[in-house]
Amino acid sequence: MNEEELVEYFRAQMRKDPGMASAVAAIRTLLEFLKRDKGETILGLRESLKQATGCLMGEDSSVAVSSGGELFLRFISLTSLEHQDLSHCKKVMEERGELFLEKISMSRNKVAKLCHTFIKDGAKILTHSYSRVVLRVLEKAAAEKKRFSVYVTESQPDAAGRQMAEALKKLNVPVTVVLDAAVGYFLEKVDLVIVGAEGVVESGGIINKIGTYQMALCSKAHNKPFYVVAESFKFVRLYPLNQQDVPDKFKYKADTLKSHQNLSEADPIIDYTPPSLITLLFTDLGVLTPSAVSDELIKLYL
Amino acid sequence: MNEEELVEYFRAQMRKDPGMASAVAAIRTLLEFLKRDKGETILGLRESLKQATGCLMGEDSSVAVSSGGELFLRFISLTSLEHQVKQNTSMFRLSIFFKAVIHLLWIMEQTFLRATDLQWENTNSCLDFQDLSHCKKVMEERGELFLEKISMSRNKVAKLCHTFIKDGAKILTHSYSRVVLRVLEKAAAEKKRFSVYVTESQPDAAGRQMAEALKKLNVPVTVVLDAAVGYFLEKVDLVIVGAEGVVESGGIINKIGTYQMALCSKAHNKPFYVVAESFKFVRLYPLNQQDVPDKFKYKADTLKSHQNLSEADPIIDYTPPSLITLLFTDLGVLTPSAVSDELIKLYL
């Protein structure tokens with residue numbers, strides 16, 4: 001399976017189910033790549049899988065694709081590969097891959113089940129941009145007959161917040177779209193803040209759409225709880241200490257990276273929120289404090 | 001001069017000089033209104049000036065128009081007593097100013113114990129005029145004087161502030177502010193090298209206008225998203241914003257997004273400077289965002305058209321004084337706590 005087929009399969013997966021996380025689509029693609037691979041050695045297989053992940057990163061530069069790919073690799077190799085021939089090994093790997101895929105397809109529902117209890121009746125929630133996990137959480141809370149209203153930021157430059165508002169209107173949840181600049185203004189009125197994450201880093205901080213960091217700062221100043229909902233395949237082996245430390249390959253869209261000479265001119269699309277500003281993280285591994293994240297990460301990546 | 005002519009004159013003033021503050025245009029309009037007014041009593045004049053201010057607020061609902069109008073009214077009415085002096089002695093025009101100071105002190109002593117409305121009653125009771133037109137003429141002169149004073153204020157502010165911009169500084173600013181532009185022009189004229197990050201400031205993208213103006217000054221400028229303020233704050237050295245109004249507590253009312261910029265600067269320990277002319281000082285004391293009156297929060301046309309204002313986007317927010325480092329005004333460089341003292345002196 002060469003690069004073009006890889007990218008084409010990935011795009012097809014994304015098109016087929018827009019509700020699917022891009023990392024899940026990437027993992028399906030890697031599984032398909034594994035099935036079709038004609039390599040002769042395990043090491044060669046590993047190398048080509050890494051290359052394939054890199055190739056998908058060139059298509060969609062989100063942190064989740066990178067972390068998802070790496071976790072897939074580790075999961076499938078976390079088994080005894082002492083077999084006579086390669087095809088047997090590959091078969092075992094494929095089975096593990098399917099298992100992994102099944103596990104992570106359930107993760108969004110697990111997160112929603114944990115989180116919706118924190119939404120009390122009559123709550124006013126503030127959220128940022130379009131996040132399918134947050135949407136799932138709010139769906140579950142609405143299904144539990146809770147009454148709450150939502151403020152969602154418009155989230156320039158792609159106005160993804162409006163998409164979120166549309167989806168929430170379908171659930172009959174009262175929703176207001178606010179400007180990115182109006183977060184400080186509306187924070188007095190809300191009870192809690194829930195955001196998704198594109199990646200969760202070793203320190204327990206998160207990488208998410210630009211604007212999350214100042215939302216977290218303002219919530220801290222107003223003493224409102226700041227909750228993060230993320231699936232476990234988003235945990236990534238990075239330890240940024242400030243905004244600059246996040247690698248450029250995540251900060252800008254894939255096409256921007258290819259076209260722009262001087263990246264400081266371009267608008268970054270993500271920012272880093274330090275763990276001190278986050279109250280709790282809801283993951284399919286459980287409800288974690290930011291400090292507990294590194295323990296979980298170790299368990300995942302061992 | 002009826003309402004339509006008033007609004008038309010105001011719009012003409014704004015069109016003529018886009019660099020002029022809307023409050024200055026409003027004050028010119030009120031001065032013109034005063035000249036053309038055909039009322040017969042002082043009290044009637046006062047009422048119609050107040051109505052005129054209200055009418056201009058319906059055209060441009062910014063805080064500065066409201067405060068500028070009120071200050072204009074008070075300034076021209078500080079004429080009553082010295083006019084008596086002028087009648088009794090032969091003086092040069094210039095020395096009216098000094099007499100005004102002396103009588104200002106007298107007035108301050110008087111009004112310390114009374115309500116300020118009594119000023120006008122003093123006017124009535126001390127009036128020894130043959131006719132109203134004399135009084136009006138004095139008021140017009142005072143009005144011209146006031147206008148002249150405030151036209152100089154922006155330059156005074158720039159002169160005070162530019163020294164705080166060090167060579168090699170990175171500055172963050174919000175939206176389009178003519179005062180900040182003037183400050184940066186002065187700093188650039190002093191041959192300082194600095195670079196500017198300006199927020200795009202939705203919903204009207206006024207930040208891009210600011211960036212254009214700065215490019216003409218050959219200042220390196222980057223337009224950033226409103227959401228990217230927290231991201232860029234690590235890189236900058238100081239934050240300078242303008243203000244639409246300065247309130248009694250020393251806080252400011254400014255374009256939406258200023259409050260979270262101030263919060264983030266406090267968190268990053270960067271100095272947050274405000275530049276404002278003194279006619280923007282307003283008699284309000286909001287304790288949080290809700291306390292700011294709706295008439296300022298939304299554009300004039302939104303107020304007229306919308307039924308449910310909580311649906312509309314507010315265009316300003318309130319920044320509490322605890323987040324502001326210093327205020328640069330034509331009355332000097334003030335800390336937020338000093339603002340209320342200055343306000344008292346202005347509004348007496």
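Numbers for the structure displayed
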{"item": "Contact order relative to length of segment A:1-94, as percent, for alpha carbon pairs under 8 angstrom and 6 or more apart", "result": "31"}
{"item": "Of all accessible heavy-atom area on segment A:3-106, the percent that carbon and sulfur account for (1.4 Å)", "result": "52"}
{"item": "Listed residue pairs exceeding 28 Å between alpha carbons, taken from A:120/B:297; A:146/B:266; A:16/A:50; A:124/B:280; A:113/A:253; A:110/A:209", "result": "A:120/B:297; A:146/B:266; A:124/B:280; A:113/A:253"}
{"item": "List of segment B:228-261 residues, accessible area with partners at least 40 Å² below that of the chain alone (1.4 Å probe)", "result": "B:231, B:234, B:256, B:259, B:260"}
{"item": "Pairwise centroid distance, computed over Cα atoms, of segment A:130-146 with segment B:164-210, Å", "result": "43"}
{"item": "By average C-beta atoms within 10 angstrom, highest first, the peptides B:171-179, A:173-181, A:218-226", "result": "B:171-179, A:173-181, A:218-226"}
{"item": "Three-way shape call for segment A:111-301 based on the alpha-carbon gyration tensor, with the a/c threshold at 1.5", "result": "oblate"}
{"item": "Integer Hz, Karplus 6.51/-1.76/1.60 couplings in order for segment B:164-175, x for Gly and Pro", "result": "7, 8, 8, 5, x, 6, 10, 10, 10, 9, 10, 6"}
{"item": "Cβ charges +1 (Lys, Arg) and -1 (Asp, Glu), total dipole of chain A, debye", "result": "1100"}
{"item": "Candidate aspartates and glutamates for bridging to residue A:170, where Cα separation is under 19 Å - those fewer than 8 sequence places away on the same chain excluded", "result": "A:17, A:139, A:144, A:154, B:311"}
{"item": "Solvent-accessible area buried by pairing B with A, both sides, nearest 100 square angstrom, 1.4 angstrom probe", "result": "2700"}
{"item": "Over segment B:163-298, relative contact order from alpha-carbon pairs under 8 Å, at least 6 apart, %", "result": "24"}
{"item": "Accessible surface of segment B:154-347, 1.4 Å probe, proportion on carbon and sulfur as whole %", "result": "48"}
{"item": "Chain A, relative contact order [Cα under 8 Å, separation at least 6], %", "result": "17"}
{"item": "Nearest-0.05 FRET efficiency for residue B:17 and residue B:287, computed from C-beta distance (R0 45 Å)", "result": "0.75"}
{"item": "Mean projected area (nm²) of the alpha-carbon convex hull when the protein assembly as shown is viewed from all directions", "result": "33.5"}
{"item": "Shielding by partners - mean other protein chain Cβ count within 10 Å, residues of A:173-181", "result": "6"}
{"item": "Shape of segment B:171-236, Cα gyration tensor, a/c cut at 1.5", "result": "oblate"}
{"item": "Calculated FRET value between residue A:109 and residue B:218, using beta carbons and R₀ = 60 Å, to 0.05", "result": "0.60"}
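The values are calculated or read from the model by the stated rules, or taken from the named source; none is laboratory data. Worth saying up front: this structure is predicted, and the values here are computed from it rather than measured. As a convention, Cβ positions derive from the backbone with ideal geometry for all residues, glycine included, and neighbour counts pool all protein chains shown. Please note that ligands, DNA and RNA were not included when accessible areas were found on the heavy atoms of the full protein model with its side chains. Shrake-Rupley method; radii C 1.70, N 1.55, O 1.52, S 1.80 Å.
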